[in-house]
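Peer 1: Take this structure first; my questions come after.
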Amino acid sequence: ETGVTQTPRHLVMGMTNKKSLKCEQHLGHNAMYWYKQSAKKPLELMFVYNFKEQTENNSVPSRFSPECPNSSHLFLHLHTLQPEDSALYLCASSLTTTGGTEAFFGQGTRLTVV
Amino acid sequence: QKEVEQDPGPLSVPEGAIVSLNCTYSNSAFQYFMWYRQYSRKGPELLMYTYSSGNKEDGRFTAQVDKSSKYISLFIRDSQPSDSATYLCAMSAVQGAQKLVFGQGTRLTINP
């Protein structure tokens with residue numbers, strides 16, 4: 001396994017469901033990120049973790065709940081989502097939040113809320 | 001006003017053409033500039049990275065930064081169908097990935 005791996009690749013969920021997105025990185029990085037990518041909009045940073053500690057929450061609604069049990073794994077727990085939350089959710093990692101500038105991205109989870 | 005402006009396209013050019021992709025920005029503190037390439041159903045991957053002003057060349061790709069005009073460009077020479085993707089500019093005022101600001105992305109198609 002190499003790089004940043006996200007599962008599932010596709011997810012359809014009802015507004016009352018609870019689901020989780022998983023991200024795993026095999027790069028030895030210490031910073032991990034969740035981004036939201038919607039059509040015709042720039043990538044939106046949601047959460048940042050550095051050495052397992054959350055360092056940024058970009059005013060994300062509480063129906064999105066991140067979890068970072070260690071530097072290699074990142075989860076995004078979803079509950080009572082809205083149709084406008086349908087988007088591509090991308091996980092990324094970097095060496096640390098301040099060391100190196102390159103962010104390595106996973107392939108994303110395409111989420112559809114019905 | 002958006003911090004980073006990028007024409008979303010779509011942009012369609014014939015194979016072999018020179019492609020010019022551009023972004024403008026409003027924050028004069030930005031000094032780290034990147035271009036990411038995103039193929040369909042994939043995550044973005046870093047293509048070019050430039051610090052401060054100037055040019056950087058890597059094969060068929062050239063990145064230019066003009067801080068006085070707050071304008072960055074990516075040129076693709078001898079474009080190939082495999083270059084068809086969405087190109088995202090990104091920039092930051094500080095080193096590190098936590099403060100990256102992305103453009104909307106330009107969807108590029110190279111026609112054989």
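Peer 1: Considering region A:31-43 alone, what residues qualify as being surrounded by 15 or more Cβ atoms within 10 Å (Cβ to Cβ) and either out of contact with any Cys (no Cβ under 9 Å at 6 or more places or on another chain) or among the basic types (Lys, Arg) (or both)?
Peer 2: Across region A:31-43, the qualifying residues are A:31, A:36, A:37, A:42, A:43.
Peer 1: What number of residues in region B:21-32 are open to solvent by 10 Å² or more (accessible area, probe 1.4 Å), aromatic (Phe, Trp, Tyr) and closer than 19 Å to residue B:106 by Cβ? Give the steps one after another, and end with the answer.
Peer 2: So in region B:21-32, the residues open to solvent by 10 Å² or more (accessible area, probe 1.4 Å) come out as B:22, B:24-29, B:31-32.
Now restrict to residues that are aromatic (Phe, Trp, Tyr): B:25, B:32.
Narrowing the set further to residues that are closer than 19 Å to residue B:106 by Cβ leaves B:25.
Number of matching residues: 1.
Peer 1: Would you check which residues across region A:15-31 are touching a Phe, Trp or Tyr at 6+ places or on another chain (Cβ under 9 Å) and outside any loop (DSSP other than H, G, I, E, B) and list them? Steps first, answer last, please.
Peer 2: First, pick out the residues of region A:15-31 that are touching a Phe, Trp or Tyr at 6+ places or on another chain (Cβ under 9 Å): A:20-23, A:25, A:27, A:29-31.
Residues satisfying the conditions are A:20, A:21, A:22, A:23, A:25, A:31.
Peer 1: Quick check: is even one residue across region A:65-81 of a type in the set (Val, Ile, Thr) and within 27 Å of residue B:104 (Cβ to Cβ)? Give the steps one after another, and end with the answer.
Peer 2: Residues of region A:65-81 that are of a type in the set (Val, Ile, Thr), as a first pass: A:80.
Then keep just the ones that are within 27 Å of residue B:104 (Cβ to Cβ); that gives none.
Scanning region A:65-81 turns up no residue that is of a type in the set (Val, Ile, Thr) and within 27 Å of residue B:104 (Cβ to Cβ).
Peer 1: Would you pick out the residues in region A:68-88 that are of a type in the set (A, V, I, L, M, F, W, C) and more than 10 Å from the chain's Cα centre (by Cα)?
Peer 2: Step one: list which residues in region A:68-88 are of a type in the set (A, V, I, L, M, F, W, C), which gives A:68, A:74-76, A:78, A:81, A:87-88.
A:68, A:78, A:81, A:87, listed by residue number.
Peer 1: Go through region A:32-80 and tell me which strands (runs of 3 or more DSSP E), entirely inside it, have 2 or more residues that are modelled with pLDDT of 95 or more. If you could, list the steps in order and put the result at the bottom.
Peer 2: Working: elements: A:44-50, A:53-57, A:64-70, A:73-79.
Output list reads A:44-50, A:64-70, A:73-79.
Peer 1: Out of all the residues in region A:89-114, which are within 8 Å of chain B (Cβ to nearest Cβ), among the small types (Gly, Ala, Ser) and either open to solvent by less than 10 Å² (accessible area, probe 1.4 Å) or within 12 Å of the chain's Cα centre (by Cα) (or both)?
Peer 2: A:92, A:94, A:103, A:106, A:108
Peer 1: Name the one entry in B:25, B:39, B:32 that is within 14 Å of chain A (Cβ to nearest Cβ), hydroxyl-bearing (Ser, Thr, Tyr) and over 13 Å from the mean Cα position of the chain (by Cα). Write out each step before concluding.
Peer 2: Details: B:25 fails: over 13 Å from the mean Cα position of the chain (by Cα); B:32 fails: over 13 Å from the mean Cα position of the chain (by Cα).
Step by step, each of B:25, B:39, B:32 is checked, and only B:39 is within 14 Å of chain A (Cβ to nearest Cβ), hydroxyl-bearing (Ser, Thr, Tyr) and over 13 Å from the mean Cα position of the chain (by Cα).
Peer 1: Kindly indicate whether any position in region B:33-49 is open to solvent by less than 40 Å² (accessible area, probe 1.4 Å) and farther than 21 Å from residue A:90 by Cα.
Peer 2: No, every residue in region B:33-49 fails to be open to solvent by less than 40 Å² (accessible area, probe 1.4 Å) and farther than 21 Å from residue A:90 by Cα.
Peer 1: Can I ask one more? Please determine, by comparing only the residues of region B:61-93 that are away from chain A (no Cβ under 14 Å), part of a strand (DSSP E or B) and open to solvent by less than 10 Å² (accessible area, probe 1.4 Å), which one is farthest from residue B:6 (Cα to Cα).
Peer 2: B:76
Peer 1: Within region A:55-72, does at least one residue satisfy the condition of being surrounded by fewer than 15 Cβ atoms within 10 Å (Cβ to Cβ), among the polar types (S, T, N, Q), out of contact with any Leu (no Cβ under 8 Å at 6 or more places or on another chain) and within 14 Å of another protein chain (Cβ to nearest Cβ)?
Peer 2: yes
Peer 1: How many residues does region B:1-20 hold that are open to solvent by 60 Å² or more (accessible area, probe 1.4 Å) and under 20 Å from residue B:56 (Cα atoms)?
Peer 2: Qualifying residue count, region B:1-20: 1.
Peer 1: If you go through region B:23-37 one residue at a time, do you hit one that is at positive phi and not in a strand (DSSP E or B)?
Peer 2: Within region B:23-37, the subset at positive phi is none.
The answer is no, given that none of the residues of region B:23-37 is at positive phi and not in a strand (DSSP E or B).
Peer 1: I need a count of the residues in region A:1-41 that are among the basic types (Lys, Arg) and within 21 Å of residue A:80 (Cβ to Cβ). Steps first, answer last, please.
Peer 2: First pass over region A:1-41, keeping only residues among the basic types (Lys, Arg): A:9, A:18-19, A:22, A:36, A:40-41.
Imposing the further condition that a residue be within 21 Å of residue A:80 (Cβ to Cβ) reduces the set to A:18-19, A:22, A:36.
Counting residues in region A:1-41 that are among the basic types (Lys, Arg) and within 21 Å of residue A:80 (Cβ to Cβ) gives 4.
Peer 1: Among what's in region B:42-60 and is on the phi < 0 side of the Ramachandran plot and of a type in the set (S, T, N, Q), pick the residue that is farthest from the other protein chains (Cβ to nearest Cβ). Spell out the reasoning first.
Peer 2: Here is the first cut: in region B:42-60, the residues on the phi < 0 side of the Ramachandran plot are B:42-51, B:53, B:55-58, B:60.
Then drop every residue that is not of a type in the set (S, T, N, Q), which leaves B:50, B:53, B:55.
Numbers: B:50: 10, B:53: 16, B:55: 18 Å.
Ranking the qualifying residues of region B:42-60, first place goes to B:55.
The values are calculated or read from the model by the stated rules, or taken from the named source; none is laboratory data. The shown structure was predicted, so the numbers you read here are calculated from the model rather than taken from an experiment. Quick reminder, even Gly has a Cβ in these numbers, built from the backbone with ideal geometry, and neighbours come from all protein chains shown. Keep in mind that these areas ignore ligands, DNA and RNA; they rest on the heavy atoms of the full protein, side chains included. Shrake-Rupley method; radii C 1.70, N 1.55, O 1.52, S 1.80 Å.
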